[in-house]
Amino acid sequence: MSQLGKIADSVDAYNAHVIAEVARARTDSKFAADLRARWAKIHETVDWTVSPTGTPLPRLALPQTDDPGVIAEYLFGQGLPGGFPYANAAYREMYLNRLTGTGEEPMRLFAGLGLAEDTNARFHYLGTHQKSLRLSTAFDGPTLYGLDSDHEGVLGKVGEGGVAIDTVEDMTRLFAGFDLTRKDASVSMTMNAPAPMILAMFIAAAKRRFGPGCAPNLRGTIQADMLKEVQAQNEVIFPIDASLRFLCDMIEWCVPNMPRWYPVSISGYHIAEAGATPVQQAAFTLSNGFTYTGLLKARGADVNKFGPRLSFFLDCGLDVEYLVLGRVCRRIWAIGMKEVFGAGPKAQILKLHTQTSGRSLIAAEFQNNLTRTAVELMLSYMNYTNSCHSNSADEPFTTPTERYATLASHGQSIIMEESGVFKHMMNMFGGAPGLLILEKQVEKAILEVFREMDTLGGVLPAQEQRYQRSKIQEAGHNYEKQIYAGARPIIGLNKYKSDEPMPSVPLARTSPIKQRLQVERLLAFKKKNAKKAPTALHKLENVARSGGNVFSELVHTVEVCSLGQITACLTNVVGKFRPMV
Amino acid sequence: MSAAKTTRPTVPLRILTAVPVCDGHDSAVTTINIELARHGIEVIYLGYHQAASAIVRAAIQEDVNVVGLSSYNGGHIVFFKEVVDQLTKLGSGDIPVFGGGGGTITKADERVMKRQGTDCIYFAGTSLDTMVAEIKRNYGLVAKPRARFKGDRALARAITIAETESLEARRPRRAGSAGEVARAPKKKPFVVGVAGPGGAGKSTLIDELTSRFLRNNSAGRIALLANDPSHPDTGGAILGDRVSAIYSQDDRVFFRSLATRGSLTGLSAAAPAAIDILKNSGEFDLILVESVGVGQESDPFRILGKGPPLVDATLFVLAPYYGGRIQLQKIALLAGADLVALNKCDHPMAHTARAEIQARLDQNSKNQKLHATTAAKHFDLGVDALFAAIARRGHLPVSAGGEKACSTADPL
Ligand code: B12
Ligand SMILES: Nc1nc2c(ncn2[C@@H]2O[C@H](COP(=O)(O)OP(=O)(O)OP(=O)(O)O)[C@@H](O)[C@H]2O)c(=O)[nH]1
Ligand SMILES: [Mg+2]
């Protein structure tokens with residue numbers, strides 16, 4: 001029962017509606033007068049500000065016109081920032097209020113290395129560059145695959161590329177010294193297949209520190225998007241239906257119990273980094289989002305309750321389509337949610353996290369990566385992303401070292417605070433002719449992909465036929481071929497090359513001593529809980545078998561069980577995922 | 001190069017590629033797989049998140065020229081060494097190990113890794129063409145001596161030789177010619193040929209049957225032969241069946257991928273010889289042979305001419321969307337197959353299909369029972385019943401009262 005065809009049709013119908021309204025504004029004088037009056041009112045609400053060099057400016061850029069056709073085109077086609085269909089922005093002022101201290105601070109820097117205390121130290125260090133508390137966690141390979149650090153053959157991976165978390169005790173160490181219940185605190189976790197276990201550990205650790213009633217105060221995001229895992233990032237443990245069930249259990253638990261939490265971050269980043277084109281990224285991500293919406297609705301959940309808790313995560317690279325990708329996605333999401341899923345305004349808004357492209361950063365003459373990231377940051381902000389991560393210039397070599405992580409964070413500050421681009425006036429660029437052309441083209445291409453997937457039966461059947469994976473792999477192959485054929489200029493690699501030898505950069509690696517320490521801690525935890533663990537696992541197994549909400553039980557299981565123990569228990573019940581090429 | 005030499009068919013280089021455990025970065029390796037296959041190489045792809053032991057097992061059973069690893073999530077120094085060491089320990093230290101990992105593997109790392117037995121590392125920014133040319137040069141000319149190997153590698157090498165011989169002779173050869181491992185068989189295996197249209201779920205079903213075999217036999221071994229097409233123009237192939245074969249990652253399973261190398265029968269020309277080699281080894285209780293998912297008009301397991309039959313039984317697998325009753329009449333295997341499975345019974349069309357196919361089977365009056373399976377579902381009862389039917393025919397043990405839930409809890 002794919003809805004994708006319907007969604008594509010609803011966007012086309014909406015576009016036709018806009019054209020009709022523009023025509024009506026030009027022919028129906030009563031309608032034109034209404035629009036002019038509304039337009040005048042909007043202008044009245046716009047405050048003025050003065051740049052540091054003395055130029056007075058309105059805080060919102062609006063088309064300078066009183067042509068009712070142009071007004072209609074703007075209001076219905078793009079929408080005011082914070083107004084349907086949200087092409088311009090999710091909210092009215094976005095970054096402006098940052099200056100007065102009440103607005104969102106978009107910077108979130110992804111960090112994770114070594115053991116919990118090492119990442120904790122990095123969090124504290126990065127925190128000195130931010131007003132608000134923004135902790136974004138990267139986990140190591142064993143944790144991402146739900147394995148304990150003592151699992152056979154994984155020792156060398158412990159603490160590499162992210163932090164090693166086996167137990168609730170590690171989780172406690174990870175966030176030591178931070179008040180996670182602060183109003184401006186926000187914790188994000190890049191965690192997928194084991195997301196229910198890891199979020200349960202997070203809640204358990206928070207309860208130990210802030211008392212049993214703290215869950216409603218916890219704010220943040222857990223990625224948990226299993227569809228893009230099947231399609232691109234390859235961290236799937238359980239069969240797809242079981243993975244989706246565990247995810248929906250978690251979302252359904254979080255919506256009433258953690259109203260400030262985003263229990264899923266529907267991600268295109270990994271799809272794009274695996275090689276997809278910007279259009280494919282957007283089409284696959286949005287269609288995954290609509291699929292979750294359909295699944296949750298089918299389980300009886302209310303779209304206006306869970307809809308506002310869905311969030312999105314896109315990649316921003318250097319290809320031209322990235323100038324508008326966030327804008328187009330917000331618009332399609334809003335129309336589809338409204339027209340096909342009957343969502344109200346709060347559930348129509350696509351809240352966007354953006355990360356600059358890691359794949360665009362290369363080893364050869366890697367200092368150029370600073371410039372690449374800066375350009376991508378500009379594009380991300382031009383799309384009015386709600387939050388943003390900038391990659392470090394040492395991206396190709398290692399988990400960011402302190403020096404380059406600092407430069408990455410300063411890059412955001414330079415654009416947002418030093419430069420005047422985003423400081424004074426909201427929506428400087430929306431409606432520019434080039435952007436409008438691009439938006440139209442990109443939207444059209446996305447809808448084409450929707451319709452193609454619809455003929456395959458929708459996202460899940462397409463996935464089973466390897467549709468998304470084969471498209472991504474084909475595009476990834478093409479991307480590399482373009483580089484080596486010179487069709488895609490990469491400065492320092494295939495153009496303007498110097499003879500500089502490959503630099504040797506400092507690396508963030510985890511020593512074998514630390515890796516063994518992690519194993520010792522885990523063994524001590526398992527020993528301490530040796531009596532209680534089997535009972536807890538048995539209870540979990542029963543809930544899983546009886547079709548109960550697994551997440552509500554996990555919150556207890558993690559008190560005495562390690563990640564690996566839980567993964568093994570659930571695997572016993574539901575089986576293993578069968579990967580695809 | 002002499003003229004005589006150029007007319008001889010070239011034996012494709014076989015390379016195993018994989019991504020290490022706890023690592024899902026497969027974009028580089030999938031690109032490299034495509035490039036290698038495009039240049040006439042047979043790539044046996046094992047997939048991402050692979051344990052060193054699984055990589056070593058696959059390298060040995062596939063008797064590859066070389067193992068290529070693509071590692072991004074760190075720990076490569078330990079991991080590459082583990083693969084090299086395990087290969088050496090199992091008497092297959094002759095298989096070189098090389099790889100890449102973009103910028104995550106540094107020059108300094110490479111020096112350490114080379115000391116520990118890794119052959120070479122491709123750094124970030126190496127062009128695809130350079131890489132392919134070097135791989136062909138460095139590993140393509142490795143002679144495949146009739147060296148004396150033990151265990152699975154000996155079997156694997158015998159099959160390699162059979163592949164080479166049949167490629168050169170362009171006709172299937174049977175036992176003896178590559179008889180290094182031929183001795184009085186300890187036990188006689190039951191051999192099942194599995195055929196059916198492309199994408200019907202043959203491989204998935206075979207893997208599910210494998211898991212049932214392992215559960216019902218505490219000690220025996222099973223062998224799987226997966227035939228997949230070579231690219232008609234380049235001669236290369238991506239043999240990816242191992243990626244989805246999650247239960248075959250077990251030392252009791254011998255899994256061999258065979259590229260068809262121009263054979264149009266649905267089987268590699270070496271398949272008959274390979275079956276004999278496996279049979280004569282006396283190692284196995286059950287052998288499952290998957291044919292290429294093509295043509296419904298002929299039975300790939302019915303070989304022309306004389307000689308003993310290729311398989312003891314045939315299993316025909318089809319999916320609900322075969323295109324209607326008329327189509328069913330044309331499917332030769334429906335008449336001849338000993339076992340018939342309608343897979344993908346979770347499909348909306350399955351209900352109708354079941355009735356239509358059963359009616360078609362009844363026409364044969366051979367008392368053929370249709371097995372309704374959903375291989376994609378874990379613990380599917382239809383697959384249990386199919387396994388029981390195979391086991392009965394092959395006199396293999398099967399626990400009474402069907403199956404209990406999977407007891408292996410290793411999430412890897
Ligand atoms: C793409 C990418 C991803 C994608 C992967 C998509 C996919 N399906 O492959 C996504 C976004 C999903 C991802 C996720 C993660 N990633 Co990542 N990722 C990258 C990135 C940006 C590029 C890697 C790539 O594919 N390049 C394209 C290939 C074709 O080119 P290349 O790397 O230059 O390789 C060349 C040669 O080395 C050679 N080669 C490579 N392999 C092989 C093998 C053989 C046999 C041969 C012959 C040659 C060869 O071929 C290439 C052509 O010349 C790198 C950073 C970077 N810029 O390099 C980080 C990077 C590898 N990722 C990293 C990390 C930490 C992760 C995560 C663990 C993050 C987290 N904690 O959640 C996850 C883990 C995902 C998982 N399941 O394992 C780290 C690793 C750090 C470390 N080792 O210390 C890196 C270095 C980024 C960083 N600095 O933090 N990632
Ligand atoms: N829905 C559903 N999908 C299945 C089932 N069995 C297999 N599949 C899926 O069908 C696709 C093809 O399965 P394979 O096992 O590779 O099929 P095959 O017959 O071996 O294919 P070829 O070797 O290419 O001819 C995969 O995506 C499987 O996951 C099933 O019972 N139900
Ligand atoms: Mg197959």
Legend entry - Dipole magnitude of the protein assembly as shown about its Cα centre (Cβ charges: Lys, Arg +1; Asp, Glu -1), debye to nearest 20: 1880 debye
Legend entry - DSSP bridge orientation in the protein assembly as shown - percent antiparallel, rounded to nearest 5: 5 percent
Legend entry - For the range A:1-148, Kirkwood radius (reciprocal of mean inverse C-alpha pair distance, Å): 19.9 Å
Inset, instruction - Find how many whole Å separate the alpha carbon centroid of the range A:385-401 from the alpha carbon centroid of the range B:311-344. - result: 54 Å
Inset, instruction - Please list, in chain and number order, the residues 5+ apart from residue B:191 or on another chain whose amide H is under 5 Å from its amide H, with Hs placed from the backbone. - result: B:287, B:312, B:313
Inset, instruction - Please give, to one decimal in nm, the separation of the simple spin-label points placed at residue A:23 and residue A:530, each 7 Å out from Cα toward the Cβ. - result: 8.0 nm
Legend entry - Percent carbon-and-sulfur accessible area, the protein assembly as shown, ignoring ligands, DNA and RNA, probe 1.4 Å: 56 percent
Legend entry - Candidate aspartates and glutamates for bridging to residue A:532, where Cα separation is under 14 Å - those fewer than 8 sequence places away on the same chain excluded: A:559
Inset, instruction - Rounded to whole Å and ordered largest first, report the semi-axes of the equivalent ellipsoid of the range A:274-373 derived from its Cα gyration tensor (root of 5λ). - result: 32, 12, 11
Legend entry - Residues whose placed amide H lies under 5 Å from that of residue A:310, excluding near-sequence neighbours: none
Inset, instruction - Over the alpha-carbon set of the protein assembly as shown, divide Rg by the Kirkwood Rh and report the Rg/Rh ratio to two decimals. - result: 0.98
Legend entry - Convex hull per residue volume in Å³, alpha carbons only, for the range A:3-78: 114 Å³
Legend entry - Check: the range A:247-400 dipole with +1 on Lys, Arg Cβ and -1 on Asp, Glu Cβ, in debye: 740 debye
Inset, instruction - Just the number, please: percent antiparallel of the DSSP beta bridges in chain A, rounded to the nearest 5. - result: 10 percent
Inset, instruction - Work out the length of the dipole vector of chain A about its Cα centre, built from +1 on the beta-carbon of each Lys and Arg and -1 on the beta-carbon of each Asp and Glu, and round it to the nearest 20 debye. - result: 1180 debye
Legend entry - Share of Cα-Cα pairs in chain A lying beyond 30 Å, as whole percent: 53 percent
Inset, instruction - Search the structure for amide H atoms under 5 Å from the amide H of residue A:188, placed 1.01 Å from N in the peptide plane, and list their residues when 5 or more places away or on another chain. - result: A:135, A:136, A:137, A:221
Legend entry - Ranked by how many other beta carbons lie within 10 Å on average, peptides A:35-41, A:422-428 from highest: A:422-428, A:35-41
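Total Å² of accessible surface buried at the A-B contact, 1.4 Å probe, nearest 100?
3800 Å²
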Legend entry - Solvent exposure ordering (accessible area, 1.4 Å, most first) of A:502, A:226: A:502, A:226
Legend entry - Cα lying deepest toward the dipole's positive end in the range A:1-135, options A:109, A:13, A:82, charges on Cβ: A:109
Inset, instruction - Find, to one decimal place in angstroms, the Kirkwood hydrodynamic radius of the range B:14-139, where the mean of 1/r is taken over every pair of different Cα atoms and then inverted. - result: 14.1 Å
Legend entry - Area of residue B:345 that stays accessible when all protein chains are in place (1.4 Å probe, Å², to 10): 40 Å²
Inset, instruction - Taking chain A as the reference, fit the longest principal axis to its C-alpha atoms, fit the long axis of helix A:195-210 to the helix C-alpha atoms, and give the angle between the two in degrees, 0 to 90, nearest 10. - result: 80 degrees
Inset, instruction - Could you tell me how many degrees, from 0 to 90 and to the nearest 10, lie between the Cα long axis of helix A:29-45 and the main elongation axis, the longest principal axis, of the Cα atoms of chain A? - result: 60 degrees
Inset, instruction - Would you list which lysines come within 27 Å of residue A:471, measuring only between C-alpha atoms, while excluding same-chain residues fewer than 8 positions from it? - result: A:6, A:228, A:351, A:440, A:444, A:481, A:576, B:202, B:344, B:377
Inset, instruction - Could you work out how far the C-alpha centroid of the range A:4-47 sits from that of the range B:355-388, in angstrom? - result: 59 Å
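Shielding by partners for A:384-391, please: the mean number of other protein chain Cβ atoms within 10 Å of each residue's Cβ.
Counting Cβ atoms of other protein chains within 10 Å of each residue's Cβ and averaging gives 0.
Could you do me a favour and compute the accessible area per residue for the range A:446-570, 1.4 Å probe, result in Å²?
Using a 1.4 Å probe on heavy atoms only, each residue of the range A:446-570 averages 52 Å².
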Inset, instruction - Rank-order A:112-124, A:404-416 by packing density, defined as the average count of other C-beta atoms within 10 Å over each peptide's residues, highest first. - result: A:112-124, A:404-416
Legend entry - chain A, helix-only ellipticity at 222 nm - DSSP H runs n ≥ 4, -39,500 (n - 2.57), divided by all residues, nearest 500: -15000 deg cm²/dmol
Inset, instruction - Measure nothing fancy, just the Cα-based angle from helix A:325-339's long axis to the longest principal axis of chain A, in degrees from 0 to 90, nearest 10. - result: 90 degrees
Legend entry - Theoretical ellipticity at 222 nm over chain B - DSSP helices of four or more residues, -39500 (n - 2.57) apiece, nearest 500: -11000 deg cm²/dmol
Inset, instruction - Starting from the exponent 0.38 and prefactor 2.2 Å, build the expected Rg for the range B:190-408 from its residue count and divide its actual Cα Rg by it. - result: 0.97
Legend entry - Positive dipole terminus of the protein assembly as shown, leading residue within A:223, A:405, B:248 (C-beta point charges): B:248
Legend entry - Packing rank of A:268-276, A:232-240, A:543-551, A:565-573, where each peptide gets the mean count of other beta carbons within 10 Å, highest leading: A:268-276, A:232-240, A:565-573, A:543-551
Legend entry - Proximal lysines to residue B:187, defined as alpha-carbon separation beneath 24 angstrom and excluding residues fewer than eight positions away on the same chain: B:150, B:279
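Net charge near residue A:80, counting Lys/Arg +1 and Asp/Glu -1 over other residues with Cβ under 12 Å of its Cβ? Don't jump to the answer; show the numbers that get you there.
Details: positive: A:38, A:41, A:92; negative: A:93.
Residues near residue A:80 contribute +2 overall.
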Inset, instruction - Take the alpha-carbon centre of the range B:86-102, take the same for the range A:234-310, and report the distance between them in whole Å. - result: 40 Å
Legend entry - Positive dipole terminus of chain B, leading residue within B:17, B:373, B:225 (C-beta point charges): B:225
Legend entry - Radius of gyration and maximum dimension Dmax of chain B, Cα, Å: 21.7, 71
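The values are calculated or read from the model by the stated rules, or taken from the named source; none is laboratory data. Just so it is clear, the structure is predicted and the values come from calculations on it, not from any experiment. Here the Cβ is made from the backbone with ideal geometry for all residues, glycine too, and neighbour counts use every protein chain on show. Only protein heavy atoms, including side chains, enter the accessible area calculation; ligands, DNA and RNA are left aside. Shrake-Rupley method; radii C 1.70, N 1.55, O 1.52, S 1.80 Å.
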